[in-house]
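The values are calculated or read from the model by the stated rules, or taken from the named source; none is laboratory data. All of these numbers come straight from a predicted model, not from anything done at the bench. No Cβ is skipped: glycine too gets one built from the backbone with ideal geometry, and neighbour counts run over all protein chains shown.
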Ligand code: HEM
């Protein structure tokens, strides 16, 4: 039987940590959608227990409340597993040159735990809920970036035009902004203020003061569950998220056009990965619209969250593939790859 080398073991551990991160993000979204964010009123224990025994602590708890407490605690245990994975990666990384990103991920994880705590102690304040969502995605994205840097194939095949790298970088930026806006939409319970699509309550836009209300953090409330912003503020948030989707679509279309134009210079693998990104993007837009017209079923809302993360990871995969290819010594590449057409 073939025994695993230390590098292979580390690689498997890294993959497992990424899988755990994906699970934690998905479970976190499910917990929020089931309104179980305050399933445990205390932190880090739940009803003063390290393990879920809510019935023991408070015998009057309903089955629904018990379910919410379980959900919240399973999310915390899974997050604990993720922390262990990240710690082990930090300890066992042999290549000492590439530890900076792992150290940064560890720092993000500590901050993420703090936001998890504030989500509970600040009673679902949007300034805790939204950064907690972004934090989960950031940790998963950085783990993936580090994995790609460590283990992705470095085969020198073809040169690739910088316009595609520029498109991918632009897409990365607008996707992050769009995810932040999405997080703000859900943290402020602004999903259902616009029941129609593409208009919102029959209108295409909103006056400036709606946006000021929507993007001013609320303070002084006992709890933020269900949202505390005015209806007008929520309309502005929702419209901003739709506008963000439009900007993302423009950049995505730019990328598709560029990849099509340069298709003869790109590897099949790269083209296939771009096709997957395109499919994910179309699915994400469809899920967003279904969130609205089907009045936010848990299944589509959960998928909308996970596909957003999938989009980020796929852009990272494409970007890391590109940066490795651009490091290639061109004297070793086949002759035809050096014939690069000029584009205006
Ligand atoms: C590239 C496009 C898009 C991305 C990356 C994106 C991303 C996100 C993210 C990350 C969230 C937060 C999810 C959560 O808290 O679990 C969100 C929420 C939301 N998005 Fe999008 N979105 C996109 C397009 C759209 C479109 C086109 C619509 C509809 C017109 C839409 C409607 C919504 C709604 C209603 C929510 C709130 C869901 C909730 O409260 O759970 N999204 N989006």
### Candidate set from region 9-37 (those that are free of Cβ contacts under 8 Å to residues at least 24 places away in the same chain and within 14 Å of residue 88 (Cα to Cα)); member that is nearest to the ligand (Cβ to nearest atom)
12
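Quick check on my filter: what residues within region 182-221 are part of a helix (DSSP H, G or I) and buried (at least 21 other Cβ atoms within 10 Å of the Cβ)?
Step one: filter region 182-221 for residues part of a helix (DSSP H, G or I), giving 182-187, 208-214.
Correct list: 182, 183, 184, 185, 186, 187, 214.
Only one of 175, 168, 181, 143 is under 27 Å from residue 275 (Cα atoms), away from the ligand (no atom under 12 Å from the Cβ), at pLDDT 95 or above and not assigned by TED's automatic domain parsing to the domain that holds residue 80; which? Full working, then the answer.
On the way: 175 fails: away from the ligand (no atom under 12 Å from the Cβ); 181 fails: away from the ligand (no atom under 12 Å from the Cβ); 143 fails: not assigned by TED's automatic domain parsing to the domain that holds residue 80.
Result of the check over 175, 168, 181, 143: 168.
Within region 46-76, restricting attention to residues that are exposed (fewer than 14 other Cβ atoms within 10 Å of the Cβ) and either assigned to a helix (DSSP H, G or I) or within 28 Å of the chain's Cα centre (by Cα) (or both), which residue is modelled with the lowest pLDDT? Quick ask: steps written out before the conclusion?
So the first thing to find is which residues in region 46-76 are exposed (fewer than 14 other Cβ atoms within 10 Å of the Cβ), and the list is 48, 50-51, 56, 59-60, 62-64.
Checking which are either assigned to a helix (DSSP H, G or I) or within 28 Å of the chain's Cα centre (by Cα) (or both) leaves us with 56, 63-64.
Values: 56: 56, 63: 81, 64: 85.
That would be 56.
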### Task
State whether the residues of region 264-274 include one that is surrounded by 14 or more Cβ atoms within 10 Å (Cβ to Cβ) and within 16 Å of the ligand (Cβ to nearest atom).
yes
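So, in region 111-124, how many residues would count as being touching a residue at least 60 places away in the same chain (Cβ under 8 Å) and touching a helix residue (DSSP H, G or I) at 6+ places or on another chain (Cβ under 7 Å)? Talk me through it step by step, then tell me what you get.
So the first thing to find is which residues in region 111-124 are touching a residue at least 60 places away in the same chain (Cβ under 8 Å), and the list is 116-117, 119-124.
Those left that are additionally touching a helix residue (DSSP H, G or I) at 6+ places or on another chain (Cβ under 7 Å): 116, 119, 122.
Of the residues in that region, 3 qualify.
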### Query
Given the residues 328, 293, 307, which is the only one that is over 22 Å from the mean Cα position of the chain (by Cα), near the ligand (Cβ under 10 Å from one of its atoms) and either modelled with pLDDT of 95 or more or surrounded by 14 or more Cβ atoms within 10 Å (Cβ to Cβ) (or both)?
293
### Message
Given (1) surrounded by 14 or more Cβ atoms within 10 Å (Cβ to Cβ); (2) without any contact (Cβ under 8 Å) to a residue 24 or more places away in the chain, identify the lone condition not met by residue 253.
### Response
(1)
### Query
Going through region 236-268 one residue at a time, which ones are outside any helix (DSSP H, G or I) and in contact with a helix residue (DSSP H, G or I) (Cβ under 7 Å, 6 or more places away or on another chain)?
262, 266
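Residue by residue, here is whether (1) within 19 Å of residue 186 (Cβ to Cβ); (2) out of contact with any helix residue (DSSP H, G or I) (no Cβ under 7 Å at 6 or more places or on another chain); (3) without any contact (Cβ under 8 Å) to a residue 12 or more places away in the chain holds:
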{"residue": "98", "(1), (2), (3)": "no, no, no"}
{"residue": "109", "(1), (2), (3)": "no, no, no"}
{"residue": "127", "(1), (2), (3)": "yes, yes, no"}
{"residue": "136", "(1), (2), (3)": "yes, no, no"}
### Filter result for residue 271 (part of a helix (DSSP H, G or I) and modelled with pLDDT of 95 or more)
no
### region 189-215 residues that are more than 11 Å from residue 239 (Cβ to Cβ), paired with ones that are more than 13 Å from the ligand (Cβ to nearest atom) and modelled with pLDDT of 95 or more (beta carbon under 6 Å, 6 or more apart)
213/230; 213/232; 213/233
### Query
How many residues does region 222-240 hold that are near the ligand (Cβ under 10 Å from one of its atoms) and under 12 Å from residue 211 (Cα atoms)?
3
### Meets criteria (in contact with a strand residue (DSSP E or B) (Cβ under 6 Å, 6 or more places away or on another chain) and in contact (Cβ under 8 Å) with a residue 40 or more places away in the chain) for residue 285
no
